[in-house]
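The structure under discussion appears below in the form of structure tokens.
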Amino acid sequence: MKRTLVISLAGLALSPIAAALAQSTQTSDTQQTQTSQTQTTPQTPTGAQNPPAPTGRNVQQLQTITVTGSAIPRIDQETSSPVTTITAVQIQRSGLTTLSDVVRAVSADNSGSIPNAFANGFAAGASGVALRGLTVNSTLVLIDGHRVTNYPVADDGERSFVDLNTIPLAAVERIEVLKDGASSLYGADAIAGVVNVIMRPSFKGIEATGSVGTSQHGGGFTRKVTLLAGGGDLEKDRYNGYLSVQYQKDNPIMTKQRGFPFNTGDLSSLGGPGLGGPSARNGGTNGAIRPDTPGSLWQPLSACTSGPMITDDTGSYCRYDSVNRYGQLQPAMEQGGVSGRFTIKLGDTTTAYLDASYMEAKTWAPGPPRPIQNSTPHNTGSITLPVGNPSNPFAVPARISYNFGDIPDGFNYNNHNARIVGSVSGQWADWNWNAALVLNHAWLSTTQFGFIDYQGLLGAVANGTYNFANPSANSAAVRASLAPSYNKTSTTDMDSLDLSANRSLWDLSGGAVGLALGAQLRHEAQNDPTLNPNFQFQGLGNAQTKGSRDVSGAFAEIDLPLLQSLEVDASGRFDHYTDAGNNFSPKIGIKYKPFDWIA
């Protein structure tokens, strides 16, 4: 458990981090708060314009709001699909410091999600949400109802997702989590649900926060500062603008900073594996060696320095616990950025805004030393030191088992995300309309170090240029030639034009029939080069992605309040993908509310 000291310009407070989003409530519990917010802002989160001033029959329309999962503004915010709303106040009380932690603490996020701590995967350095047990590519993440470009590297090379680390938290007004399929409105990738991050539509004043904290058992020291400043009154000045800045840095948490069984690879007391076998035979920089003759036994390459020797029927090895020495439960991270919005009233019923953000997230993920034995992409499991090699004490070739403990190993990730949104909304006749243009580009710099160059390894073994018996004698130049670093830059783009309109039709017993129409044109592109060109490095595969596609889609939704207690909502979306053809996704939802306290 972390304890965090929060220092604000408004005051001083000590608060332990609460259970993740324990105060998160269903949309119905926050209906009054959201209605109040909507009345004081000229624009709903998805860009739909508020109805005109009340006159007789439509007096209640002032309290309508657009809820994630429906394109029709409504008074009763409980739709036929379950929506959980997390407000900025609840986020602050929870003690969670990143948007990733907030979203991934929702109970519907479970199997298939990607945490920041997963530093050894394809998409290391990122955090993705997976609702209802499906994978990250089945949950759609939006900002103010508009799409966000994906992380430049797909999970396992095949599942694209939005990196939650690149969404600014300081300017968030609330987060709506739709725990139901929504492909009929948003597209095929919303099959598991939608996370809609709604930013503040306006802000006036100055708000600054600073916090530091650490974990109860050590490691994970964190510090964070935010600044939110804005000015202008939309009603009086006809404009509002604000700027948000945030920065956070987290130290790593090592496995050796925690108790058993997290701090060791020796699980023999639980009936699991011990420290014998190939892992112990590698023995860090000690390693093991034996004459390449039938019946010979392994023996330490050099004197053991890490505890008692381990002996089994294949020989004797130095004790080696990679989990305790190098294991991490949380990588070191540094993230921050700036975002801002400028809103202007162009007329009594027309409002426009420009929203821009730049976020950067860095992750350092060192790993254990790389082994000399490997099967990918070349098999070096039976590598031998020739006679005459300085590290071979025998008169015959010698098999060697070894980890390059004198060569640091791991990955550094630096992800950038630049996004700009321009939106105009207004009214024409009885229609409320919105048009928005989104331009979003992400680029990820990945640096790998410590991976063994295959040709360099063969040369070092044949020529004896690398000293296995005494690695401290190796020069920096020898290490660099054996394990040169490598860098690549991966990119993604998502550009879209979103058009939507809605209006009320005739009245039924339960209220007015609502109709919404929309269309979207978007361009998606990804370029992820290989991390192992020409199969140069041991222990790495060779995967790459490059391509683009255009998507055009249209959707319609109609809401029928047949009775005060019975509502039917029908929607459908047609999409054309230039790479995959056509898709149509329909949906019908029915809500029955016999009493105010049950639906």
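The values are calculated or read from the model by the stated rules, or taken from the named source; none is laboratory data. Every value quoted in this text rests on a predicted model; they were computed, and no experiment measured them. Here the Cβ is made from the backbone with ideal geometry for all residues, glycine too, and neighbour counts use every protein chain on show. Calculation scope for accessible area: heavy atoms of the full protein, side chains included, ligands and nucleic acids excluded. Shrake-Rupley method; radii C 1.70, N 1.55, O 1.52, S 1.80 Å.
Ranked from largest to smallest solvent-accessible area, with a 1.4 Å probe on the protein heavy atoms, 111, 138 come out as 111, 138. Heavy-atom surface analysis with a 1.4 Å probe gives the chain a carbon and sulfur content of 57 percent of its accessible area. Figure legend: label point modelled 7 angstrom from the Cα of residue 530 along Cα→Cβ; residues of the stretch 354-382 with amide N under 17 Å from it are 375-379.
Largest to smallest in accessible area, the residues 428, 433, 298, 506 fall in the order 428, 506, 433, 298 (1.4 Å probe, all protein chains included). Residue 304 contributes an accessible area of around 40 Å² to the protein surface, as traced by a 1.4 Å probe with all chains present. Short-range pairs are left out: with C-alpha atoms under 8 Å and at least six residues apart, the relative contact order of the chain is 12 percent. The relative contact order of the stretch 154-290 comes to 15 percent, based on Cα pairs under 8 Å that sit 6 or more residues apart.
Set the Förster distance to 41 Å, then compute FRET efficiency between residue 592 and residue 348 from the Cβ-Cβ distance, nearest 0.05.
0.55
For the stretch 295-443, the per residue solvent-accessible surface stands at 42 Å², with DNA, RNA and ligands left out and a 1.4 Å probe. Using R0 = 30 Å, the C-beta based FRET efficiency linking residue 111 and residue 485 works out to 0.30. Heavy-atom accessible area, probed at 1.4 angstrom with all protein chains present, ranks 595, 221 as 595, 221, highest first.
Distance from the C-alpha centroid of the stretch 256-331 to that of the stretch 176-243: 47 Å, rounded to the whole angstrom. If I fit a long axis through the Cα atoms of helix 454-463 and take the longest principal axis of the Cα atoms of the chain, what angle between them do I get, 0 to 90°, rounded to 10? Approximately 10 degrees, to the nearest ten. A probe of 1.4 angstrom, applied to the heavy atoms of all protein chains, finds residue 593 with accessible area near 50 square angstrom. Residue 503 contributes an accessible area of around 60 Å² to the protein surface, as traced by a 1.4 Å probe with all chains present. Among 151-157, 234-240, 163-169, the peptide with the highest mean count of other Cβ atoms within 10 Å heads the list, and the full ranking is 163-169, 151-157, 234-240.
Only one of (i) 284; (ii) 172; (iii) 194 was calculated from the structure for volume of the Cα convex hull per residue in Å³, and its label is (ii).
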